[in-house]
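S.K.: Can you keep this structure in mind? I'll have questions shortly.
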Amino acid sequence: MVPFTADYRANFSDTDAAGIVHFSTIFFWVEATEEALFRHLKLPFLRTEGAKLTGFPRVRVECDFLSPIYREDVVTVALTPAEIGDKKLVWAFHTSVGGRAVAKGALTTVYAWREGQGPMSAALVPLEVKAALQRHFGA
């Protein structure tokens, strides 16, 4: 399965006092890659219909940090679906700098909706989303 990839340059604002990219920045890059994939597939990342909002809130994330990332490093994020379920998507991600692995992990999202500011409720992943992901990744 060929992953969907995106590159990001580590900026000064991404680093901590030691000049190393703060761990949370990887999660921002993974989310940005997920959104870029949806854009590439011409799928809505969030959908609003009147006061109803639907999307994929995050319910779990795990990450192994393998090597530091420094300012000016170009980081490649590779995203593949580990699971395309009825109500959730689990993304496996790997990040690297010039072929050197820097982090790997998984992001679990659940398709959900809410009306106005009400509570969120899980829903079935739209068939158009599942089909587009399966076509793209050959899953």
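S.K.: Can you pull the one-decimal nm distance between simple spin-label points at residue 42 and residue 64, each 7 Å off the Cα toward Cβ?
M.R.: Between residue 42 and residue 64, the simple spin-label model gives 3.9 nm.
S.K.: Normalised by the number of residues in the chain, what is the relative contact order in percent for Cα pairs under 8 Å and 6+ residues apart?
M.R.: Values: 258 pairs, mean separation 37.4, N = 139.
Rounded, it is 27 percent for the chain.
S.K.: With +1 assigned to the C-beta of every Lys and Arg and -1 to the C-beta of every Asp and Glu, and no other charges, what is the dipole magnitude of the chain about the Cα centre in debye, to the nearest 20?
M.R.: Working: 15 positive and 15 negative charges, 75 e Å.
I would put it at about 360 debye.
S.K.: Can you tell me the 0 to 90 degree angle between the C-alpha axis of helix 127-137 and the longest principal axis of the chain, rounded to 10?
M.R.: On a 0 to 90 degree scale, this one is about 30.
S.K.: Only one of the listed values, (i) 26; (ii) 30; (iii) 20, was derived from the coordinates as percent of Cα pairs over 27 Å apart; which label is it?
M.R.: Comparing each candidate, only (i) matches the computed number.
Read the figures in this text as sums done on the coordinates, not as results from a lab. Since this is a predicted model, take the numbers as computed values, not measurements. Every residue, glycine among them, receives a Cβ derived from its backbone with ideal geometry; neighbour counts consider all protein chains shown.
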